[in-house]
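Below is one structure, written out as structure tokens, with a few remarks after it.
Where a number appears in this text, it was derived from the coordinates with a stated rule and is not lab data. Predicted model, so just to flag it, every value in this text is computed and none were measured. A quick note on method: Cβ atoms are made from the backbone with ideal geometry, for glycine too, and the neighbour counts reach across all protein chains shown.
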């Protein structure tokens, strides 16, 4: 019988154990900060009904969906009625609409799950990846104050991830649309098209975007295109300069004035939330490409690695679940593409291999003493120390080699001499040192050593 070739499909991230621990450490940091700000966890199924998932026909999203069919359904030639979720926002909309009468509003949820998209196979693009989302959903209305809270959560996460300097870049779509209106670009659909082009400045460059705006189908006069490009080039350098940028806009229409007022309140509350002003700025080119954003929008950029692009983004939307309920459910959300973030951080050398989650290993010195070794391991586990026991006799050198390769720091040895003296010999694989500890002091000694090491970074940078 021929063997099948062991391989994974392109577009998935499969890690070795110590790298998986590093990834889980990052995920736990994100989760901890979500919960620290009062968000509650939910999970939704990976598979949704196609008529729920694909509420809009056509477009890029539908071309990337993985449909799900049973073998029997395939044989019958039935159209698929199920599909894998491609993001966490559509399932959230369905979830809120379905459980609306059982939820407390504003509903503050976080969700950390895999999503699936039929991306073309290329380096750094994933077909299966984790997204980490938070959203605040209101019933009928939701204060713009929540728009300031979400960037504060993101600041807390990236500060704790310790990936170097980063910048929260903020804008408000009402400012963009109000400015376009003041210039004479008044058609709503044309405004959205211009807004989508503006959002591509970082990828295409300002010159290419300007050229697009003056060509068909936009055909904007040169003076309008120049005014738009000058406007979106503005960046603040401090909290006060951001407020000055808003003041300098003046007004002229209700959309622009509403956007200025909202952005001013968000900036004021960001400062009140304790986010240092060095970590946020007002950037009039931030637009976000998704049409459902209506107000505040934000992106996070690693200052030293702008080539990575936005590592998390989000914004305000007026009605999350309009396809599923007549209730008006405005909200604001932010999403971290965790798989892509981890991949990019590792590629940039900002994150490396983690330490093992196994803290100690009891060596096998005499097969007859296995019950004693198991008792010793049980004592350590009861004290909260993750412990492995070697269950098969091997040369001690081989056991040391195994522990070193697996990243286990402490190897415990209880042989004839140690039993006679009432001690345990400990080999510290990190320091390549060996010492003895009285049995009664073993747990306390190891706990002190582990607590000291926990003060060090859990992930070793390359």
- Query: Given the C-alpha centroids of the stretch 344-403 and the stretch 22-94, what is the distance between them in whole angstrom?
  - Reply: 38 Å
- Item | Cα shape, the stretch 373-448, gyration tensor, a/c 1.5 rule | rounded
- If each part is reduced to its alpha-carbon centroid, the stretch 440-455 and the stretch 137-183 end up apart, in Å, by 43 Å
- Using 7 Å Cα-to-Cβ label points, what is the residue 141/residue 40 separation (nm, one decimal)? 2.3 nm
- If the convex hull of the alpha-carbon atoms of the chain is projected onto planes in all directions, what is the mean projected area in square nanometres? 30.1 nm²
- Using 0.36 nm per residue of separation minus the Cα-Cα distance, give me the extension gain between residue 404 and residue 278 in nm, one decimal. 41.1 nm
- Query: Quick one: if you stick a label point 7 Å off each Cα along the C-beta vector at residue 396 and residue 121, how many nm between them?
  - Reply: 5.0 nm
- Query: Considering the stretch 403-442, what Rg and Dmax in Å follow from its alpha-carbon atoms?
  - Reply: 10.7, 31
- Sort 13, 263 so that the residue with the fewest other Cβ atoms within 10 Å of its own Cβ comes first and the one with the most comes last. 13, 263
- Among 327, 2, rank each residue by its count of other Cβ atoms within 10 Å, from fewest to most, as a rough exposure measure. 2, 327
- Query: Rounded to the nearest 0.05, what FRET efficiency do residue 76 and residue 98 have when you use their Cβ-Cβ distance and R0 = 22 Å?
  - Reply: 0.15
- Item | Burial ordering of 19, 147, fewest other beta-carbon atoms within 10 Å first | 19, 147
- Task: Please list 214-227, 341-354, 185-198 highest first by mean number of surrounding beta-carbon atoms within 10 Å per residue.
- Result: 341-354, 185-198, 214-227
- Message: Using a 7 Å offset from Cα along Cα-Cβ at residue 9, what residues in the stretch 101-132 end up with backbone N under 17 Å from the label point?
- Response: 114-130
- Message: Take residue 319 and residue 435, extend 7 Å from each Cα along the Cα→Cβ direction, and tell me the distance between the two endpoints in nm.
- Response: 6.8 nm
- Note on the structure: In the stretch 356-460 the DSSP beta bridges are antiparallel at a rate, in percent to nearest 5, of 60 percent
